[in-house]
Each structure stands twice: as C-alpha cells, then as structure tokens.
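Please treat every number below as a calculation from the coordinates, not as lab data. Because the structure is predicted, anything quoted here is derived from the model rather than measured. A quick note on method: Cβ atoms are made from the backbone with ideal geometry, for glycine too, and the neighbour counts reach across all protein chains shown.
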Amino acid sequence: MTVLEQPFMNWGWGDIARPMIIAGPCSAESEEQIMQTAADLKANGIGILRAGIWKPRTRPNSFEGVGTIGLGWLNRVQQELGMKVSTEVANAKHVEEVLKAGLDMLWIGARTSANPFAMQEIADSLKGVDIPIVVKNPVNPDVDLWIGAVERIMGAGITKLGVIHRGFSSFEKSRFRNVPQWQLAIEFRRRMPNIPMICDPSHISGCTELLHEVSQKALDLNYDGLIIESHCNPAKAWSDAKQQLTPADLNVMLKSLVLRDVKTTAAQDTSLEELRLQIDKYDDELFRVIGERMKIAEQIGKYKKDNNITILQSSRWNDILNTAIEKGKLQNLSEDFVSVIFMAIHQESINKQTVVMNGKD
Ligand code: PEP
Ligand code: MN
C-alpha cells in the first residue's frame, strides 16, 4: 500500500504516532463501564476512545445501544480524562446529536456505508462540519460502493477523512468473522491514495485469538491506524463479547506488534529492487505461459465445434482441478489458492472456446 507521510496531519489532532490507535468497547453500556474502560485505556497509553451508542444489529431483539444518554458519558471522558471520543452514526438525527454533544470524531458503520441513500442523507447533514469523518467498508465486498460512500462525504465538503477496513461478509465459513480480503483495501488505497486507512481487527477476527495476527498484517501493509474493541470486563459485554480485550491485555497485544520501517535504506532499496525484478520476470513468464495455454484451448474449441461436442466436459474439468491441487501442494501452494487460479483460467478458456464455437470459420 502507498504510504502517507503524515496520515492524520489535517485532522488537527497534533502529533499522532503511527499507527494511530483507537480503542474502546463495542457498545457503551453504562456510565460506570465507559468511565472504567476509558480510564484503564488511558492508563495504558490510549488517547482516543470508541464506543457505539446506536448499534445496528443483524437480528432484532438484541441490544441496540443506549442511545442519546451515552453522549453525556462520552463528554465526561473528554472532560475528566482529556481523551478524544468517537461513535457511530447511521442517520442525520445521529449526526445532529453527535455534533451538538461535541464529540471529536464519528464513523459510519458497514451496514450504513452499503446504503447510498443513507450515505447521502448523512453527507447532507455533515455540510460545514469540521471534525474527522471515517467510513467503514460496506458489508459486501464492493470497492466502488465504498469509494462512492466516501465520495458522498467529500461532496459535502468534508476534508478530514479516514476509512476503516473491517472485512466483508461471506456465506462461506472461514476462520474470520468477516473475511479481510486485503486486496480490496489495497485497491481502495490505490484509487484513493490520500485517505488514511485504519484496520479494525476486532470485527475481522470476531475473537481475541486472531487479533494479533490481523493487526500485524495490517501494520505490514502500511495501514495508518488500528481501531480495536476493548472492554473493562469483556466476558460481561452486552455485544461482541468474544472479540474484546481488557485495556491491559490490549496493551500487551499492541506491545507485541512489530512496527517495521516504512522507509527503506538505499542498500535495502537495491536488494528489494532486485527481488522485484525477479518477480516481474516471473510475471512475464506467467503471462506467456497462460497465453500459450489459451491458444491451445482455442484449438480445442475448434475441434469441439467441428465434432459437435459441448464445451464443458465435467469429468475432464474435475481431473484438471484435482491434479492442479496435488501439483500445487508440491509447490507449497494452498488448495484455496490453486482452486481460485484454476477456476479463473478455466473460465477464460470457456470464454475463448465460446467465441470459437459461435464464430464464423
Ligand atoms: C462496530 O464498530 O461496533 C460495528 C458495528 O462495526 P461494523 O459496522 O464494522 O459491523
Ligand atoms: Mn462491535
């Protein structure tokens, strides 16, 4: 990912060490819980609190947040602990209340950023606002939808911006609660290189065990910040209990992360350059080989046409895939990876054969 020299410079929050850390409970539950969690976080070096007070929940009849009363608790955190405070908004009414309460930042959740009407309503209500606005990726893996959500906020004249990568819903079972699909965040960054990218390892992981791995990966991909759920008593949390750490445990986790140099030295540049040249060489070779393979696929298409055979021969395709997976194992390539690559190659072959079958001789 591209590297922003001073990602949060225009937020006007002074010198923010990289990565910026935002932490706090999934939900504000009581004044005591907020004050205790915030004080413990502060004692562990965290200066920016997150806490949801309006909670968009997947199923009805679960805790949907304490609502407006929580804003007063966040004000107490600002006044008594000198921390910055942030919460999630999902409509214009929320925005109005957050602005009236003078919170320091607001974020838009994944269910809301997937909805252009809701995004436009929020954007319209933000005209003239000067606090940082942060947009989570939509629940579905659609980079354009995410970019569109950010463009609506930019269209309202907001310049203090950020985005949060919190992973994507998937029907398929995975070890993550929301599959990270890192390449989508990288693609977002390629297309909007000047917006700070924050990772939300909590909602990607869904459990505390994966938090370190996901956070480290984000740092290795040059993310500018992390937003992590932390609760003074995770086992008793009213929402997302399994993924929250106590402030002390969060501190231990953060301390164990390795912050690698963003910048390379001249000597490192040279060896990196050499390795990249080798990669480029292999990429050229890959394209040449795949191109040759497609030419053969076209010849097969011609044969099938001349002999009136259908394009798809399921047993042959099964053989190819199974053999590829076995060969992949010998090269230390995962089954998932080989399957995805071969399904894409097979689809392209089918497309080419379809053109041959339906084309004129
Ligand atoms: C949250 O931050 O607690 C939350 C609801 O997250 P998301 O919008 O990413 O699901
Ligand atoms: Mn949560």
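Kindly provide the helix-only [θ] at 222 nm of the chain, computed as the sum of -39,500 (n - 2.57) over DSSP H runs of four or more divided by all residues, to the nearest 500 deg cm²/dmol?
Numbers: 13 runs with 174 residues, N = 361.
So the calculated ellipticity at 222 nm is -15500 deg cm²/dmol.
Could you state the principal axis extents of the C-alpha atoms in segment 1-71, from the largest down, to the nearest angstrom?
Cα extents, longest axis first: 45, 29, 18 Å.
If R0 is 51 Å, what FRET efficiency do you get for residue 93 and residue 309 from their C-beta distance, rounded to 0.05? Each step should come with its number before you reach the end.
Working: r = 63 Å, r/R0 = 1.23.
The formula returns an efficiency of 0.20 here.
State the three equivalent ellipsoid semi-axes of segment 179-241, derived from the C-alpha gyration tensor as the square roots of 5 times its eigenvalues, in descending order and whole Å.
25, 11, 10
Could you sort the peptides 19-31, 72-84, 330-342 by per-residue average Cβ neighbour count (10 Å cutoff), highest mean leading?
On the way: 19-31: 23.5, 72-84: 16.5, 330-342: 11.8.
Descending packing order for the listed peptides: 19-31, 72-84, 330-342.
Per 0.36 nm of contour for each residue apart, how much would the distance between residue 30 and residue 278 grow if the chain were fully extended, relative to their Cα-Cα spacing? If you can, show how the numbers build up before the last one.
Working: separation 248, 0.36 × 248 = 89.28 nm, distance 5.70 nm.
Residue separation times 0.36 nm, minus the Cα-Cα distance, leaves 83.6 nm.
So what is the relative contact order for the chain, in percent, with contacts set as C-alpha pairs under 8 Å and at least six apart? Spell out each step's value before the answer.
On the way: 558 pairs, mean separation 52.9, N = 361.
Contact order relative to length: 15 percent.
Could you work out the equivalent-ellipsoid semi-axes for the chain, taking the square root of 5 times each eigenvalue of the Cα gyration tensor, largest first, in whole Å? Walk me through the intermediate numbers first.
Working: eigenvalues 404, 110, 86 Å².
Whole-Å semi-axes of the equivalent ellipsoid: 45, 23, 21.
So in the chain, what percent of DSSP beta bridges are antiparallel if you round to the nearest 5? Present the calculation step by step, with values, prior to reporting the outcome.
Details: 1 of 29 bridges.
Rounded to the nearest five, the antiparallel share is 5 percent.
Need one number for segment 1-134: average projected area of the convex hull over its C-alpha atoms, nm².
Working: hull surface 36.9 nm².
Average projection, Cα convex hull of segment 1-134: 9.2 nm².
Under 20 Å Cα to Cα from residue 236, which aspartates and glutamates show up? Leave out anything in the same chain fewer than 8 places away.
29, 31, 32, 40, 64, 209, 249
For segment 166-206, run through the trypsin sites (Lys or Arg not before Pro) and keep only the ones in DSSP coil with at most 13 other Cβ atoms within 10 Å of their Cβ.
Answer by residue number: 173, 175.
Would you pull out the residues with amide H under 5 Å of residue 333's amide H, same chain only if 5 or more places away, H placed 1.01 Å from N?
It is none; the list stays empty.
Quantify how much of the Cα-Cα distance distribution of segment 143-282 extends past 20 Å, in percent.
Values: 5636 of 9730 pairs.
Pairs farther apart than 20 Å: 58 percent.
Which residue, 74, 289, 347, has the largest displacement toward the positive end of the dipole of the chain when charges sit on each Cβ (Lys, Arg +1; Asp, Glu -1)?
347
Full extension from residue 183 to residue 63: what is 0.36 nm times the residue separation minus their Cα-Cα distance, to one decimal in nm?
Working: separation 120, 0.36 × 120 = 43.20 nm, distance 3.32 nm.
39.9 nm is the gain from fully extending residue 183 to residue 63.
To the nearest 20 Debye, how big is the dipole of the chain about its Cα centre, given +1 on the beta carbon of each Lys and Arg and -1 on that of each Asp and Glu? Could the numbers behind the result be given before it?
Values: 41 positive and 45 negative charges, 136 e Å.
Magnitude of the dipole: close to 660 debye.
Any of 100/127; 55/93; 329/352; 295/327; 305/352; 136/173 with alpha carbons more than 18 Å apart? Name them for me. Can you show the working numbers first?
On the way: 100/127 14 Å; 55/93 14 Å; 329/352 28 Å; 295/327 22 Å; 305/352 13 Å; 136/173 22 Å.
Listed pairs above 18 Å: 329/352; 295/327; 136/173.
What GluC sites (Glu not before Pro) in segment 162-268 are in a loop by DSSP, with at most 10 other Cβ atoms within 10 Å of the Cβ? Can you show the working numbers first?
Working: sites: 172, 187, 209, 213, 229; in loops: 172.
Those satisfying the criteria are 172.
Against the 2.2 N^0.38 Å scaling, with N counting residues, where does segment 223-318 land? I'd like the Cα-based Rg ratio to two decimal places. If you can, show how the numbers build up before the last one.
On the way: Rg = 26.9 Å, N = 96, 2.2 N^0.38 = 12.5 Å.
After normalising by residue count via 2.2 N^0.38 Å, the value is 2.16.
Choose one of 117, 252, 271: the residue whose Cα lies farthest towards the positive end of the charge dipole of the chain (beta-carbon charges +1 Lys, Arg; -1 Asp, Glu; about the Cα centre).
Projecting each Cα onto the dipole axis, the largest value belongs to 117.
Please give the peptides 2-8, 129-135, 108-114, 316-322 ranked by average Cβ packing (other Cβ atoms within 10 Å per residue), highest first, as a rough proxy for protection. The partial results should precede the final answer.
On the way: 2-8: 14.6, 129-135: 20.4, 108-114: 23.1, 316-322: 12.4.
Result, highest mean Cβ count within 10 Å first: 108-114, 129-135, 2-8, 316-322.
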